[in-house]
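For reference, the structure discussed in these notes is given below.
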Amino acid sequence: MTERENIISLHGRDSFVTATPILLKSGAKKLYDAYRKGELPMKQSWDGSYTHLKLDAQLVAA
């Protein structure tokens, strides 16, 4: 992970610096591998399904 710094300049106020985190490809791979192995903490309501679909398969078939 790295970060990109941004300078914010508002009219009539002092400038300030913000940092935006950037997830690198190697870090994303490590996170995904840990996720698939079940090594990351999950929400209590997680049903154990590894999908991003929000619809039920029966609803999709209809």
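The values are calculated or read from the model by the stated rules, or taken from the named source; none is laboratory data. In this text the structure is predicted, and so the values were computed from the model without any measurement. Here the Cβ is made from the backbone with ideal geometry for all residues, glycine too, and neighbour counts use every protein chain on show.
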Log entry, pairs with first residue in the stretch 21-36 being over 17 Å from residue 50 (Cβ atoms), second being exposed (fewer than 10 other Cβ atoms within 10 Å of the Cβ), beta carbons closer than 6 Å, six or more apart or on different chains, reads 22/4
Here the qualifying pairs (Cβ atoms under 7 Å; residues six or more apart or on different chains; first in the stretch 40-62 and under 28 Å from residue 30 (Cα atoms); second at pLDDT 70 or above and surrounded by 10 or more Cβ atoms within 10 Å (Cβ to Cβ)) come out as 40/34
Exactly one of 29, 43 is modelled with pLDDT under 90 and on the phi < 0 side of the Ramachandran plot, and that residue is 43
